[in-house]
Amino acid sequence: MNNSITDIKEILVGHSENEKALTGCTVVICEKGAVGGISQRGGAPGTRETDLLRPMHLVQKVHSILLAGGSAFGLDAAGGVMQYLEERNIGFKAGSTVVPIVPSAILYDLAVGDFSIRPDKSMGYKACVNASHALPKQGNFGAGIGATVGKILGYGQAMKSGIGTASMQLANGVIIGALVVVNAFGDVIKDNQIIAGARTAKKGPLKIGKEGFFADTLDVMQSFTGRKILSFSAKQNTIIGVIATNANLNKEEVNYFADIASNGIALSIQPAFTMFDGDTIFGLATGQVKSDINILSAFAPKVFSDAIINGVIAANPIDGLPSYKSTINS
């Protein structure tokens, strides 16, 4: 076990990014297909091929999940993922050809780097070429390279976050894994303390619990200034990710699994699920072992929350924005 979504042996992860533009994409590939589901709880999503994940729809299995920066422009990267899978005859059988099923979600990272460069078909294809069973890189990679948190006071007082992964092994060989890009409106919480989020104008090293370093988004929202500037942060935030298991689940159960896993956002982000966030969580079940959906649901939020924390802790500063790693006073 590598504390990674790739601990599920049927799953591969690949990143591709542009370090100048500070945008990128990440793919989760299921070469043999996986039963898919979705939880969409934020108010500003950007997605592709998500309706088919709902119960009572024909397609049962998906072949890849794309997570991308670039706002709505980044959905173009799904074309590269489809090309890669089609070349390998991976997809939904449709007569004489196959149609790869690639549900996708994007985040807003246009305020950092070069906004004119976005994830496209070639970047999506490259992410597939880079996909492997190895422990995925965390922090400033793939879709997480331009991710930030704590933006109620604007990007100048936000902090850098990134992409993170985590896993847990349960009884009877059941594994739960998560991969999350953290681009939240709110602050990131660990052990009841803010570890990344909106900062005050004060300078100095970050020390967890230190009064005056963090503005505390919940406090700002209740202030006169906060009430006036809330709309400024709209449509610039989201958490997108994947919760996966090697358990055998049907479509209804995978959707429930994804929905329950999204509670991990509430464990580690304050505030969570705002109308300014496009929080979208994909569920995958590869079907190798038997398990009870209630057991899976009991642990899924913890795994998802751990992936969020790992992505924030691994991030490096960019574009003048500090990160947890660069400012923590050890």
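The values are calculated or read from the model by the stated rules, or taken from the named source; none is laboratory data. Keep in mind that what you see is a predicted model, and the values were worked out from it rather than measured. Note that each Cβ is placed from the backbone with ideal geometry, even for glycine, and that neighbours are counted across all protein chains shown. In case anyone asks, the SASA skips ligands and DNA or RNA and just uses the protein heavy atoms, side chains included. Shrake-Rupley method; radii C 1.70, N 1.55, O 1.52, S 1.80 Å.
For the set Lys151/Lys190; Lys32/Lys93; Lys126/Lys302; Lys9/Lys160; Lys9/Lys325; Lys190/Lys290, the pairs lying more than 22 angstrom apart at their alpha carbons are Lys126/Lys302; Lys9/Lys160; Lys9/Lys325; Lys190/Lys290. Within the chain, antiparallel bridges make up roughly 80 percent of the DSSP beta bridges whose residues both belong there.
Given a 10 angstrom Cα cut-off, can you work out which residue in Ser116, Ser291, Ser71 is the most mobile in a GNM of the chain? Comparing Ser116, Ser291, Ser71 in the GNM, the peak value goes to Ser116.
Of the trypsin sites (Lys or Arg not before Pro) in the stretch 1-103, the ones in a loop by DSSP (not H, G, I, E or B) with at most 16 other beta carbons within 10 Å are Lys9, Lys20, Arg88. The value obtained for the chain, namely the Cα convex hull volume divided by the number of residues, is 119 Å³ per residue.
Ranking Ser305, Gly320, Gly74 by Cα position along the charge dipole of the chain, where only Lys, Arg, Asp and Glu carry charges on their C-beta atoms, puts Gly320 farthest toward the positive end. For the chain, the relative contact order is 24 percent, taking Cα pairs closer than 8 Å that sit 6 or more residues apart in sequence and dividing their mean separation by the residue count.
Assuming charge only on the beta carbon of Lys and Arg (+1) and of Asp and Glu (-1), the dipole of the stretch 41-187 about its Cα centre is about 200 debye to the nearest 20.
Among the GluC sites (Glu not before Pro) within the stretch 1-94, those in coil by DSSP and having at most 16 neighbouring Cβ atoms inside 10 Å are Glu19. Ordering Ala247, Phe213, Ser262 by the projection of their Cα atoms onto the charge dipole of the chain, which places +1 on the Cβ of Lys and Arg and -1 on the Cβ of Asp and Glu, puts Phe213 at the extreme positive end.
Over the chain, with a Gaussian network built from C-alpha contacts below 10 Å, which listed residue (Thr26, Thr200, Thr280) shows the highest mean-square fluctuation? Result for the chain, Cα springs under 10 Å: Thr200 fluctuates most.
Over the chain, accessible surface divided per residue gives 40 Å², non-protein components excluded, 1.4 Å probe. For the pair the stretch 99-115 / the stretch 150-164, the C-alpha centres are spaced 18 Å from each other. Mind checking which aspartates and glutamates have their Cα closer than 17 Å to the Cα of Lys20? Skip sequence neighbours fewer than 8 apart in that chain. Cross-link targets: Asp109, Asp114, Asp120, Asp319.
Here the chain exposes an accessible surface that is 51 percent carbon and sulfur, computed with a 1.4 Å probe and the other protein chains kept in place. Comparing Ser262, Ser305, Ser132 in a Gaussian network model of the chain where C-alpha atoms under 10 Å apart are linked, the largest mean-square fluctuation is found at Ser132. Using only side-chain charges placed at the Cβ, +1 for Lys and Arg and -1 for Asp and Glu, the dipole size of the chain relative to its Cα centre rounds to 440 debye. With the convex hull constructed from alpha-carbon coordinates only, the stretch 1-152 shows a mean projected area of 9.6 nm² over all directions.
Entry note, the chain: the mean residue ellipticity at 222 nm calculated from DSSP H runs of n ≥ 4, each adding -39500 (n - 2.57), is -6500 deg cm²/dmol after division by the residues and rounding to the nearest 500.
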